[in-house]
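Can you keep this structure in mind? I'll have questions shortly.
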Amino acid sequence: MDMDELKKRCEKMKDDPTFMKECKFFLGIMEEKNVVMEDEPNQTYISMAESISPEDLPRVLEMALKIAKSSKITDIDLKIAAEKLIRTLEPL
């Protein structure tokens, strides 16, 4: 599934409680691991997780994709959380 397909699926699933749960879990792991995204160095992910809305989900998906593909990030728990979030969007 390419990025455009994932974004379209994200839009369709933005009200899905399972997808929202995975997004919150992923953001919680990011906060726990003190992840700093190069393009958003001042973002606190725990506050984002607490106030997440359906409109935030495409941005969370983009962060998960960056982390999943990044060779700079080696934390296994973070990679697994990103992959799990992405897999939530894959068709059954």
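Derivation of every value follows stated rules applied to the coordinates shown; laboratory data play no part. What you see is a predicted model, and the numbers here were worked out from it, not measured in a lab. Glycine also receives a Cβ, built like all others from the backbone with ideal geometry; neighbour counts cover every protein chain displayed.
Pairwise over distinct Cα atoms, reciprocal of the mean inverse distance: report the Kirkwood radius of the range 1-50 in Å, one decimal place.
On the way: mean 1/r = 0.0829 Å⁻¹.
The answer is 12.1 Å.
Please work out the Kirkwood hydrodynamic radius for the range 3-88, using every pair of different C-alpha atoms, and report it in angstroms with one decimal place.
In the range 3-88 this quantity evaluates to 12.7 Å.
Can you compute the helix-only [θ] at 222 nm over the chain? Use -39500 (n - 2.57) per DSSP H run of at least 4 residues, normalise by all residues, nearest 500 deg cm²/dmol. Don't skip to the answer; put the middle values down first.
Numbers: 5 runs with 58 residues, N = 92.
Per the formula, -19500 deg cm²/dmol.
For the ranges 71-82, 24-35, what's the packing order if you count other beta-carbon atoms within 10 Å of each residue, average per peptide, and put the highest first?
Top of the packing list down: 24-35, 71-82.
So what's the gap between the Cα centers of the range 35-92 and the range 1-33, to the nearest angstrom?
8
Something else: Given points 7 Å out from each Cα along the Cα-Cβ axis, report the Met3 to Lys33 separation in nanometres with one decimal.
Spacing of the two 7 Å Cα→Cβ label points: 2.0 nm.
What is the angle, in °, between the Cα long axis of helix 76-88 and the longest principal axis of the Cα atoms in the chain? Nearest 10 is fine, range 0 to 90.
10
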